[in-house]
Amino acid sequence: MKREIEYRWRARELMARHGMKNSRELVAPLRERGITLSGSQIYRLVAQDPERISFKVLTALCDIFNVEANELVTFTAANAKSQRQERTIASGENIVNFADAYKPVRARILDDDD
């Protein structure tokens, strides 16, 4: 079964907790940890959900904000619904499970004389 994974990147929230008002305030702390990124790279890192991130940058951010990685990135995973299930749910159709709705009746064979 397919799984849908959603994640939430919380860099901006952690910046606010530490009194940082804009992404430029991360330039110096990142440089202190040996990471040199341009202002636009840091802005994208803060403002958007990154699809890829190096472990070095991830650990530096965790060190800057004094948090664990699971506090910087939170995620949820759930079983994916099939397109048929999504269409049925969206249309509001009543779904009847055939196996539950149909009960076979035992056949009786009668002679022509009866």
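Observations
- Amide hydrogen neighbours beyond the local backbone of Ala80, cut-off 5 Å, H modeled: Lys2, Arg3, Glu4
- Least to most buried among Val46, Val57 (fewest other Cβ within 10 Å first): Val57, Val46
- The ratio of the alpha-carbon radius of gyration of the range 3-78 to the globular-protein estimate 2.2 N^0.38 Å is 1.08.
None of the figures in this text is laboratory data; all of them are computed from the coordinates on show. All values reported here derive from a predicted model rather than from experimental measurement. Note: ideal-geometry Cβ built from the backbone for every residue, glycine included; neighbour counts use all protein chains shown.
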